[in-house]
Amino acid sequence: MLGEYRIAGRRAVDIAANVERAVGSGELVPGQLLPPMRELATDLGVNPNTVAAAYRTLRDRGVIETAGRRGSRVRPRPASTARGSIRVDAPPGVRDVSEGNPDPALLPPLHDALAAAARHNAERPGLYGQAPVDAEFARLARAGLDADGVPPGPVAVTSGSLDAIERVLAAHLKPGDAVAVEDPGWSSLLDLVPALGLRPVPVGLDDDGPLPAELDRALRAGVRAVIITDRAQNPTGASVGAARAGELRALLAARPEVLLIEDDHGHCMVDLPLYPLAGVTDSWALVRSTAKAYGPDLRLAVLTGDAVTVDRVMGRQRLGPGWVSRLLQRAVVELWTSGAVDPRAVARAYGERRDALVQALAARGVEAHGRSGMNVWVPVADETGAVARLLHAGWAVAPGARFRMSAPQGVRLTVSDLTADDIGPVADAVASAAGPVTARSYG
């Protein structure tokens, strides 16, 4: 079962350390089946409870995973190379539509908001012991959530969406737990889940978001958490509509013990309504980032959820960074109240570019997806070849491998930097590079 390697130790701590060292050195490889607890206890001459305690420690540390009667195995290691590094560097003369950044021209200037925040701080300096969330920020954030039908819940502030999701997962799950994630999905999230010692379970989707049959399969497989993007899904642009939301709610309501996390990073830059799923499970969280509509470098997101979840997140946050800068919170208050961003105008600008590209590709016989947000997903037969041919034609696109687990191949184009004059040339290049693709759901 273990080849030539022999587990050693008399105490639970020694047995666990022995296995962990062997995994680190490569003597025990990912997927390696470990001996049954009673069998190992007999080999070592110890009580089976000692081995059970060692295996429990290894599970908690994310070293092994246990699948009931199928036994315990060494967990797959988190990828050492982030998916974001799966990219194509654009040489001089090549247009880069791969990065996923917002259009700087659609972001508001920050100097007035930051100056107003500084004046507020001069009058009421931010000091230790104050509430971590600015009162006006919390009021405005909660009013926006209420307007979109998000269930009541306290408001916390995190350093972006990924920070919020990591904190919520850590507040509820332990290493080895399974998490349902969209496939294709946000590359940073697909890196984060295994990095936390959790096991990602792919859920296919279409333009309306996660497919009910796929979510049902994941729930039946025993996932402990589900992460869903409400709008402007990255990389496909999917948006959960009213009918789909009803189907997903019904599935989740039958599993109230499952943690639900919703990512609404498209808030203030999409014109499709939010149909929140929150409230049908006992533990839930919804996060809204300011990155796409107000600026990635603000590093600020609104988090709400059930009282226990938010309390756990804020409690752990107090023991680390303490809080997210109240200066930044006040700057966002100024941005919200000054009308610095017209969400309808921003959504219209991205929508015109996105729809024009999707329609131009359709006119050339190329399937493309982009219902909301700033990205277009194009299924391709040969991802590597398509990326190379597009680069040769003067366009750098994001390889689908950054976003996929088991989903079919594709490439992602970000429309933020495209003008009306760019649509025809990029559509011609994609049509030439994509190759024939058998029609099917991209999830």
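No lab work stands behind these numbers, since they all come straight from the coordinates. Here the structure is a predicted model, which is why all the values come from computation and not from measurement. Backbone-built Cβ (ideal geometry, glycine too); neighbour counts: all protein chains shown.
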Any idea how far apart T337 and T42 come out in nm if each label point goes 7 Å out from Cα toward Cβ?
7.3
For the chain, set up a Gaussian network in which alpha carbons nearer than 10 Å are linked by springs, and say which option among P102, P379, P76 fluctuates the most.
P76
Can you tell me the FRET efficiency between H392 and D355 if r is taken as the Cβ-Cβ distance and R0 is 45 Å, rounded to the nearest 0.05?
0.95
So what's the stretch 194-233 giving for Cα Rg divided by 2.2 N^0.38 Å, two decimals?
1.22
Using 10 Å bins from zero, what percent of all Cα-Cα pairs in the stretch 332-425 falls into each bin?
15, 42, 27, 12, 4
Taking 0.36 nm per residue of separation between Y5 and D271 and subtracting their Cα-Cα distance, the length gained on full extension comes to 89.9 nm
Sequence-distant residues sharing a close amide H with A178 (under 5 Å, placed H):
R199, R224
Through the Karplus equation 6.51 cos²θ - 1.76 cosθ + 1.60, θ set to phi - 60°, convert the phi angles of the stretch 39-47 into ³J(HN,Hα) values in whole Hz; use x for Gly and Pro.
5, 5, 4, 5, 4, 8, x, 10, 6
Using θ = phi - 60° and the Karplus form 6.51 cos²θ - 1.76 cosθ + 1.60, what ³J(HN,Hα) does each residue of the stretch 387-403 get, whole Hz, x for Gly and Pro?
4, 5, 5, 5, 4, 5, 7, x, 10, 9, 10, 8, x, x, 4, 5, 10
Hey, fewest Cβ within 10 Å first, where do D282, D89, D134 land in order?
D89, D282, D134
What do you get for the angle between helix 48-60 and the principal long axis of the chain? Use alpha-carbon atoms, 0 to 90 degrees, nearest ten.
10
Running a GNM on the chain with Cα contacts under 10 Å, which residue among R83, R59, R364 ends up with the highest mean-square fluctuation?
R364
On each of the three principal axes the extent of the alpha-carbon atoms of the chain, given in whole Å and largest first, is 74, 61, 44
If you find the alpha carbon centre of the stretch 283-319 and of the stretch 348-388, how far apart are they in angstrom?
31
Taking the Cβ of V97 as the center, what net charge do the other residues with Cβ under 13 Å away carry, scoring Lys and Arg +1 and Asp and Glu -1?
0
What length, rounded to one decimal in nm, is gained on full extension from A307 through to R73, with 0.36 nm per residue of separation minus their alpha-carbon distance?
80.7 nm
Two decimals is fine: what's Rg over Rh for the stretch 12-74, C-alpha atoms, Kirkwood radius as Rh?
0.93
Through the Karplus equation 6.51 cos²θ - 1.76 cosθ + 1.60, θ set to phi - 60°, convert the phi angles of the stretch 262-272 into ³J(HN,Hα) values in whole Hz; use x for Gly and Pro.
10, 10, 10, 5, x, 3, 6, 9, 10, 10, 8
Would you mind calculating the gained length between R124 and A221 on full extension (0.36 nm times residue separation, minus the Cα-Cα distance), in nm to one decimal?
29.7 nm
On C-alpha positions alone, give me the angle between the axis of helix 242-253 and the longest principal axis of the chain, in degrees, nearest 10.
20
Just to verify a number: FRET efficiency for A52 and L319, C-beta to C-beta distance, R0 = 30 Å, to 0.05?
0.45
Ordered by fewest other Cβ atoms within 10 Å, a rough proxy for footprinting exposure, E166, E352 read E352, E166
